[in-house]
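So the structure is just underneath, and the comments pick up after that.
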Amino acid sequence: MPEWWSGGVRFTCIGCGRCCRGEPGAVFFTPEEEDRLLEAMEVDGRKLEKQEFRSLCVTLKWGRPSFAERPNGDCVFYDSEKARCRIYPLRPAQCVLFPFWLSVMDSKEDWDREARRCPGMNGGRFHSAEEIRALLAQDPFGPDF
Ligand code: SF4
């Protein structure tokens, strides 16, 4: 049976930051993505050791390392004053690929559920089935996202 998205879908991120704040949610990262962040990040003019980074910015509450959240649910890297991601160029594939996650594309119901909170879905650029398939193949964590 063809995938429900075989005719393509529309999506363009409008940068509203809704997916970075409010509701708690796991943001997983690969070891390579963590190394990239450690290489680039500085706090008080110095680089963080991995252990410091883990204790300041990472939680294990989702079963594997994920970016921590503030008490209000915002991602630890979300800058609420500027309403943007502090590590945007280095954000993990999970953020880059949204909403082309296996767990979102699995069914039209899952897509519609996400679209209720993401104003970028169902509008903007057309993504063909070929493009969607290529994006899903990059999902580093599979359907448990
Ligand atoms: S909720 Fe959707 S439109 Fe808003 S920042 Fe996240 S991906 Fe972009």
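Just so you know, all these numbers are worked out from the coordinates, no wet-lab data involved. Remember, it's a predicted structure, so these values are computed and weren't measured experimentally. Glycine gets a Cβ as well: all are built from the backbone with ideal geometry, and neighbour counts include every protein chain shown.
Only helices enter this figure: runs of n ≥ 4 DSSP H residues, each worth -39500 (n - 2.57), summed and divided by the residues of the chain, yield -7500 deg cm²/dmol at 222 nm to the nearest 500. Multiplying the residue separation of Lys108 and Arg36 by 0.36 nm and removing their Cα-Cα distance gives an extension gain of 22.5 nm. Axis of helix 31-40 versus longest Cα principal axis of the chain: the two differ by about 50°, to the nearest ten degrees.
Cβ-Cβ distance of Tyr88 and Arg54, R₀ of 25 Å, FRET efficiency by 1/(1 + (r/R0)^6): the value works out to about 0.70. Whole-Hz Karplus values for the range 124-134 come out as x, 5, 7, 10, 6, 4, 4, 5, 4, 4, 5 Hz, taken residue by residue from phi with 6.51 cos²θ - 1.76 cosθ + 1.60 and θ = phi - 60°; glycine and proline positions read x. Distances between placed amide hydrogens fall under 5 Å for Gly124 paired with no residue 5 or more residues away or on another chain. Bridging of Lys47 to lysines at a Cα separation below 26 Å is possible for Lys61, Lys82, once same-chain residues fewer than 8 apart are set aside.
Under 14 Å from the Cβ of Glu34, count the other residues' Cβ atoms, weight Lys and Arg +1, Asp and Glu -1, and hand me the total.
Numbers: positive: Arg36, Lys47, Lys50, Arg54, Arg64, Arg91; negative: Glu32, Glu33, Asp35, Glu39, Glu49, Glu52.
Here the charged neighbours net out to 0.
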